[in-house]
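Chemist: If you scroll down you'll find the structure; I have some questions about it.
Every read-out reported here was derived from the displayed coordinates using simple, explicitly stated rules and does not represent laboratory data. Remember, predicted model here, so these are calculated numbers, not experimental data. Cβ: placed from backbone, ideal geometry, glycine included. Neighbour counts: every protein chain shown.
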Amino acid sequence: MDENTWIALVHESYKYGVKGDYWKSIEFAKKALELNPRASEAWRLIGNAYEFLGDALKEGRKFPRPHNEESCAIFDQLKCIP
């Protein structure tokens, strides 16, 4: 495993999270975990992204449906928009 690859994916995840593209952030963090399941940074970024999504939806902001059905199914209670 090339350590730089999963680290680069974590960095991409972070960048998308800062921009507010939480679904994309989750996507990159999950790719990093496929290469290194022990990457605590990736797990933290996933948790943060889901937390921010929940907070934003409570405030009434709307988001497009996530890129994959798995993410939408996990957070069905967040009322994903079709």
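Chemist: Roughly how many nanometres apart are two label points built 7 Å out from the Cα toward the Cβ at residue 19 and residue 51?
Modeler: 2.3
Chemist: Test of understanding: what is the full-extension gain from residue 43 to residue 5, defined as 0.36 nm times their sequence separation minus their Cα-Cα distance?
Modeler: On the way: separation 38, 0.36 × 38 = 13.68 nm, distance 1.61 nm.
Stretched out fully, the residue 43 to residue 5 stretch lengthens by 12.1 nm.
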